[in-house]
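Working notes for the structure below.
The values are calculated or read from the model by the stated rules, or taken from the named source; none is laboratory data. Because the structure is predicted, anything quoted here is derived from the model rather than measured. Cβ placement follows ideal geometry from the backbone for every residue including glycine, while neighbour counts extend to all protein chains displayed. Accessible surface is based on the protein model in full, side chains and every heavy atom, while ligands, DNA and RNA are left aside. Shrake-Rupley method; radii C 1.70, N 1.55, O 1.52, S 1.80 Å.
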Amino acid sequence: MKLMIKLIDNYAIMGNERDYSLIKFTGKKDKNGKDAYRICGYYGTVAACIRGCFKEKCLEPAAGEDMELKEAAEEFERIEKRLESVMPDVFKR
């Protein structure tokens, strides 16, 4: 049995009896008409998946265009706050 936990934007966690997968929905349908996704990584815990989502989300703005350090820091903090609302214990300082 697979477990699905929706995170933010198009990211979700799929879990089974062995591990958890961080997935991102592509916005397309597969040949069976289901929402298509790509696997971003495999993790041992839900908390590790959420940290993986943070890393993936931080790559998105950096991949688009050049950013100033201050802009990048503000964007990363915004992403962290959104994910912190999903699972606060993962981002304890």
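If only residues of the range 26-56 that are touching a Phe, Trp or Tyr at 6+ places or on another chain (Cβ under 8 Å) and of a type in the set (S, T, N, Q) are counted, the one that is farthest from V86 (Cα to Cα) is T26. Please determine whether any residue of the range 62-75 is open to solvent by less than 50 Å² (accessible area, probe 1.4 Å), small (G, A, S) and at pLDDT below 85. Checked against the condition, which is being open to solvent by less than 50 Å² (accessible area, probe 1.4 Å), small (G, A, S) and at pLDDT below 85, the range 62-75 yields at least one hit. Scanning the range 1-59 for residues that are open to solvent by less than 80 Å² (accessible area, probe 1.4 Å) and of a type in the set (F, W, Y) returns Y11, Y20, F25, Y43, F54. What are the pairs, 6+ residues apart or on separate chains, where a residue within the range 14-33 that is at negative phi and free of Cβ contacts under 8 Å to residues at least 24 places away in the same chain has its Cβ under 6 Å from a residue that is open to solvent by 40 Å² or more (accessible area, probe 1.4 Å) and assigned to a loop (DSSP other than H, G, I, E, B)? Listed by first residue and then by second, the contacts come to M14/K2; N16/K2; F25/N10.
When the range 59-78 is filtered for residues that are touching a helix residue (DSSP H, G or I) at 6+ places or on another chain (Cβ under 8 Å) and among the aliphatic types (A, V, I, L, M), the ones remaining, listed by number, are A62, M67, A72.
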